[in-house]
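Reviewing the structure listed below.
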Amino acid sequence: MATLVKEYFNWLAAMYDETTAACAWSAPGHIANAALPLLHAGQAVLDLGCGTGQSLAPFVDHGCRCIGLDFAPAMLAEAHRKVPQALLARADLDEPRGWPVRERAFDLAISAGVYECLDDPVGFLARVRTHLRPGGALVFTFDEFVPGHPAQGVRVGRADSGIPNPIAELTGWHLRRHSIDRVGAWLEANGFVLHWHHQIEADIHSHFQVPVYYRLVVAQATD
Ligand SMILES: C[S@@+](CC[C@H](N)C(=O)[O-])C[C@H]1O[C@@H](n2cnc3c(N)ncnc32)[C@H](O)[C@@H]1O
């Protein structure tokens, strides 16, 4: 499934910023608002699934040393064009052998709009923990299971929230939606304290024309 997700984002890359603007994609802004007050210039930030750089840019502008990881080369090419100050590398966040960055090196890890794509959401948290300094923060979003919602009322559903997805249409690629009780337990089991979380309107669903709700999470690595 990882290959299909990667090819979807390679296909979308040239239109990603325009399309996300049209559906009012707000997760990168929420992450920046939550995380920038925790940081000062010069600190090290790791963006997991950086895409075209929307989530990375506010931290570069803040004077942080930023690395973005993503597995879609076309998304990374856009990010390199828009945010040339950031270091970028190809990596599969589901890769159990880990990612091509130093352990215990980062003050902050962020991830916007990625968690629901992962095959191994628990292993992801364990890997983030190894790359954070003790006391470092993880600020991320996940696509939430919302009972009764026309798109989010199923835990595993079509990958088309907000952006038309012909690859999902043809292949049956599905997103995994989560709940905070489950994600909170996974965080605790992997060396994090869950500081706070709240629901955000992440974008507008292109078909149902209703808000798509994500959960914004701020957690801290224990010593
Ligand atoms: C919805 S976009 C979000 C991009 C950016 N963070 C933003 O907020 O605009 C999801 C990104 O995660 C990347 N991604 C999804 N699954 C991944 C995986 N297993 N490994 C690496 N990158 C992944 C995709 O290639 C895509 O660039």
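No value in this document is a laboratory result; all are computed from the given coordinates. All of these numbers come straight from a predicted model, not from anything done at the bench. Note that we place each Cβ from the backbone using ideal geometry, even for glycine, and neighbour counts take in every protein chain shown.
Helical runs assigned H by DSSP (4 residues or longer) give the chain a calculated mean residue ellipticity at 222 nm of -8500 deg cm²/dmol, each run adding -39500 (n - 2.57) before division by the residue total. Please give the FRET efficiency for residue 7 paired with residue 81, using the beta carbon to beta carbon distance and R0 = 22 Å, rounded to the nearest 0.05. About 0.60, to the nearest 0.05. For region 43-160, the relative contact order is 23 percent, taking Cα pairs closer than 8 Å that sit 6 or more residues apart in sequence and dividing their mean separation by the residue count. Rounded to two decimals, the Cα-based Rg/Rh of region 36-75, with Kirkwood Rh, is 0.99. Counted by Cβ distance under 12 Å from residue 214, the other residues give a net charge of -3, where Lys and Arg count +1 and Asp and Glu count -1. Rg ratio for region 100-176: its Cα radius of gyration over 2.2 N^0.38 Å, N being its residue count, equals 1.33.
Suppose R0 equals 25 Å; then what is the FRET efficiency for residue 103 and residue 179 from their Cβ-Cβ distance, rounded to the nearest 0.05? Don't skip to the end; give the middle numbers.
Details: r = 30 Å, r/R0 = 1.20.
Here the calculated transfer efficiency is 0.25.
Annotation: for a label point projected 7 angstrom from Cα along Cα→Cβ of residue 208, residues of region 155-187 with backbone N closer than 19 Å are 155-166, 168-169, 172-180. Annotation: amide H-H contacts under 5 Å for residue 138 (H modelled 1.01 Å from N, sequence separation of 5 or more, or interchain): 109, 219, 220, 221. Computed from the C-beta positions of residue 193 and residue 170, the FRET efficiency with R₀ = 41 Å rounds to 0.45. Here the chain is assigned +1 on the Cβ of each Lys and Arg and -1 on the Cβ of each Asp and Glu. Its dipole about the Cα centre then comes out at about 420 debye.
Using a cutoff of 8 angstrom between alpha carbon atoms and counting only pairs six or more residues apart, the relative contact order for the chain works out to 20 percent. In this structure, the amide hydrogen of residue 212, modeled 1.01 Å from its nitrogen in the peptide plane, lies closer than 5 angstrom to those of 202, 203, 204, 205, counting only residues at least 5 positions away or on a different chain.
Along its principal axes, the chain has C-alpha extents of 42, 39, 32 angstrom, given from the largest down.
Share of antiparallel DSSP beta bridges in the chain, in percent to the nearest 5? Don't skip to the end; give the middle numbers.
Details: 21 of 39 bridges.
Percent antiparallel among DSSP bridges in the chain is about 55.
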